[in-house]
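The values are calculated or read from the model by the stated rules, or taken from the named source; none is laboratory data. The shown structure was predicted, so the numbers you read here are calculated from the model rather than taken from an experiment. No Cβ is skipped: glycine too gets one built from the backbone with ideal geometry, and neighbour counts run over all protein chains shown.
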Amino acid sequence: MTQNIKNAIQKICIVKLSAMGDIIHAMIALQFIKKEYPEVIIDWIVEDGFKGVLENNPHINNILPINLKSIKKNKFELLTQIKLLKEYSKNNYDIVIDAQGLIKSAIAAKLLKSTTINTTVIGFDKNSTREGLASYFYDQKVSIGYEKNVIDRNIAVLCNSLDIDVAKDELLLKERFLFTQNKENVNNNIIFVVGASKENKVYPKESFLELAHQLYENVIVVWGNEEERNTALWLSSQSNFIKSAPKGNLDDLKHTILNSKLVIGGDTGPTHMAWALNIPSITIFGNTPEYRNTYPTSINKVIKSISEVDPLKLDKNDFTIRDIKVSEIVEMAKVLLR
């Protein structure tokens, strides 16, 4: 990309619809884009339910929600969402980047092309994503194996495609990139993240209880649905120093994690929040690949079950996360708590 073309880029729109962890893994690119293009306007297309993850970030100019999930309940919503994306396209983006790599996100990116200027749509090539057909909607394609680390994949499509090189050391020394409107009030709590999107990504509640007893620290259990809330209430009923977090929104969750001293949980959004906030964490992996789904640092550690994982074909019957010994997590936690 020549300097003249770089100077011509005034507006970029990122498409990353869901879920929480996936959005967080993409957000790290923002600080490097703004460093290279300090004056550029960056907008973000996201599913309405996850817009709270992006809120208060100084590098995002406009959060543009859509609701593609509504189409499953009402097919006529398709027209509403197309109309909304066409309205967003009037912002006249120079670059639209689909960091999701799904057919639905690729179509959304295509609909964001301006009718008055020459918008370039960027995304993964057909061999770099699970839904290879998505690549046919892009003008510029990025090649990086689907099995590669998700942070590296996001850097490739969001930064490298704009001729921005990001070294591993820069990722390890990243700036905090989640922000909350709540005031900081540092406390001495450990956070347990007891839920996940799949049952075989969940560490047993009995093991969490044993973990709390061995650490002998104040614990807050965060939750996002009724099943997770029941787990939180059960844990709090078993110990005087375990409390269930109150019901809150995504900003409250960011605030709770930001003001903790350690986060422990499975391969899921709230645990990845700790990584984004530069808060010490331990991510527990079972049937998902630790080498792909996170980026360990000196304060962000991972622990993996004995199973070998193929990221291209996850085993839904792999429940080996349940076999991870509490003592191993305790040993790791005590080092981080020093």
**Complete:** D252 vs (1) assigned to a helix (DSSP H, G or I); (2) surrounded by fewer than 16 Cβ atoms within 10 Å (Cβ to Cβ); (3) touching a residue at least 60 places away in the same chain (Cβ under 8 Å): all pass except (2)
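May I ask you to list the residues in region 142-159 that are among the polar types (S, T, N, Q) and crowded, with 16+ Cβ neighbours inside 10 Å?
So in region 142-159, the residues among the polar types (S, T, N, Q) come out as 143, 149, 154.
Across region 142-159, the qualifying residues are N149, N154.
Residue check: is F241 aromatic (F, W, Y), buried (at least 16 other Cβ atoms within 10 Å of the Cβ) and in contact (Cβ under 8 Å) with a residue 12 or more places away in the chain? Give the steps one after another, and end with the answer.
On the way: aromatic (F, W, Y): yes; buried (at least 16 other Cβ atoms within 10 Å of the Cβ): no; in contact (Cβ under 8 Å) with a residue 12 or more places away in the chain: yes.
Against the criterion (aromatic (F, W, Y), buried (at least 16 other Cβ atoms within 10 Å of the Cβ) and in contact (Cβ under 8 Å) with a residue 12 or more places away in the chain), F241 does not qualify.
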**Request:** Consider I14 carefully, then state whether it is crowded, with 20+ Cβ neighbours inside 10 Å, within 19 Å of I103 (Cα to Cα), in contact with a Cys (Cβ under 7 Å, 6 or more places away or on another chain) and not small (G, A, S).
**Result:** no
**Message:** What's the number of the only condition in (1) closer than 30 Å to G266 by Cβ; (2) in contact with a Lys or Arg (Cβ under 8 Å, 6 or more places away or on another chain); (3) surrounded by fewer than 18 Cβ atoms within 10 Å (Cβ to Cβ) that S70 fails to meet?
**Reply:** (2)
**Request:** Those residues that are touching a helix residue (DSSP H, G or I) at 6+ places or on another chain (Cβ under 8 Å) and part of a loop (DSSP other than H, G, I, E, B), I need them from region 39-79; list them, please.
**Result:** V40, E55, N56, N57, H59, I60, N67, L68, K69
**Prompt:** Name the residues in region 190-213 that are assigned to a helix (DSSP H, G or I) and either in contact (Cβ under 8 Å) with a residue 40 or more places away in the chain or of a type outside the set (A, V, I, L, M) (or both), would you?
**Reply:** E199, N200, K201, K205, E206, S207, F208, E210, L211, H213
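In contact with a Lys or Arg (Cβ under 8 Å, 6 or more places away or on another chain), under 17 Å from V166 (Cβ atoms) and either among the β-branched types (V, I, T) or not in a helix (DSSP H, G or I) (or both): is that true of I33 in this structure?
On the way: in contact with a Lys or Arg (Cβ under 8 Å, 6 or more places away or on another chain): no; under 17 Å from V166 (Cβ atoms): yes; either among the β-branched types (V, I, T) or not in a helix (DSSP H, G or I) (or both): yes.
Considered against the rule, which asks whether it is in contact with a Lys or Arg (Cβ under 8 Å, 6 or more places away or on another chain), under 17 Å from V166 (Cβ atoms) and either among the β-branched types (V, I, T) or not in a helix (DSSP H, G or I) (or both), I33 comes out as no.
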**Fill in**
The correct count of residues that are assigned to a strand (DSSP E or B) and polar (S, T, N, Q) in region 214-229 is 0
**Asked** What number of residues within region 228-252 satisfy the criterion of being under 10 Å from L209 (Cα atoms) and among the hydroxyl-bearing types (S, T, Y)?
**Response** 2
**Prompt:** Quick check: is even one residue across region 230-243 in contact with a Pro (Cβ under 8 Å, 6 or more places away or on another chain) and either part of a strand (DSSP E or B) or of a type in the set (V, I, T) (or both)?
**Reply:** no
**Item:** Matching residues in region 148-189 - criterion: being over 27 Å from K313 (Cβ atoms), in a helix (DSSP H, G or I) and among the hydrophobic types (A, V, I, L, M, F, W, C)
**Value:** L162, L171, L172
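Listed here are the residues, each with its yes/no results for (1) closer than 17 Å to N185 by Cα; (2) surrounded by 18 or more Cβ atoms within 10 Å (Cβ to Cβ); (3) in contact with a helix residue (DSSP H, G or I) (Cβ under 6 Å, 6 or more places away or on another chain); (4) in the same structural domain as M20 (by TED's automatic domain parsing).
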residue: I257; (1), (2), (3), (4): yes, yes, yes, no
residue: S260; (1), (2), (3), (4): yes, yes, no, no
residue: T288; (1), (2), (3), (4): no, yes, no, no
residue: D310; (1), (2), (3), (4): no, no, no, no
**Message:** Being more than 17 Å from E175 (Cβ to Cβ), modelled with pLDDT of 95 or more, in contact with a Lys or Arg (Cβ under 7 Å, 6 or more places away or on another chain) and not assigned by TED's automatic domain parsing to the domain that holds P270 is true for just one of A99, A108. Which residue is that?
**Reply:** A99
**Message:** For region 275-282, check the following and say yes or no: at least one residue is modelled with pLDDT of 95 or more and on the phi > 0 side of the Ramachandran plot.
**Reply:** yes
